[in-house]
Amino acid sequence: MLKAVEEKNIRPEKEANEVRACARACALPSHVDFSGDDFPVQYSEVEWRKRLTDLQYKVAREQGTEPPFRNLYHDNKALGLYRCVGCLTPLFSSTDKYDSRTGWPSFSKPIDPRTLGEHRDTSYGMVRTEVHCAVCGSHQGHLFPDGPKPSGLRYCINSASLKFEPADSVETILEWVRAWYTPQSAQ
Ligand SMILES: [Zn+2]
């Protein structure tokens, strides 16, 4: 993964250029072959269409991209949990969300790296790291090496791939995450 991230080499000198370059990279849809993956949660195409809105389907299942600044969560500053729109796996916490000024929700890290799969995406003459839900395969966005310290990572995610649940405290978010990891029978 790190090699793929380093290879991207999209670090212009000035910050403004950096934001513009990242915005350009984010805006492109991905064309990654997922055919070799075996995701724990699987639905038929008919079922996916029923579960998701047209926009959610286009982004999460067809690796589309929403326009910057015109998506549900780019400016959402509320405390809460961001789940995968396809299978409700907790992917990101608002406590790791920051304003990258790119117009897409940006996170410095996932709740649990195991929930996100990565693919090298070489479409449009760039090398980018595509990220998707490791549980159901829904496309989430891209990973860039220009995030805030200490991770230095920026998960540039589509709002349409996420479902936000507002929480009253950080403890509540942690509780929801714990609940997701606890088998139904043990709850
Ligand atoms: Zn999922």
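Observations
- E62 meets all of the listed conditions (1) closer than 30 Å to D168 by Cα; (2) loosely packed, with under 15 Cβ neighbours inside 10 Å but one, namely (1).
- Of residues in the range 113-142 being without any contact (Cβ under 8 Å) to a residue 12 or more places away in the chain and not β-branched (V, I, T), the one farthest from the ligand (Cβ to nearest atom): G125
- The numbered conditions (1) in contact with a helix residue (DSSP H, G or I) (Cβ under 8 Å, 6 or more places away or on another chain); (2) within 19 Å of T95 (Cβ to Cβ); (3) of a type outside the set (S, T, N, Q) are all true for R128 except (2).
- Every pair of residues 6+ apart whose Cβ atoms lie under 6 Å, when the first sits in the range 79-92 and is within 11 Å of F164 (Cβ to Cβ) and touching a residue at least 24 places away in the same chain (Cβ under 8 Å) while the second is assigned to a loop (DSSP other than H, G, I, E, B) and within 6 Å of the ligand (Cβ to nearest atom): none
All of the numbers you see were taken from the coordinates with simple rules; none came from a lab. Note that this is a predicted model, so its numbers are computed, not measured. Virtual Cβ from ideal backbone geometry, glycine too; neighbours counted across all protein chains shown.
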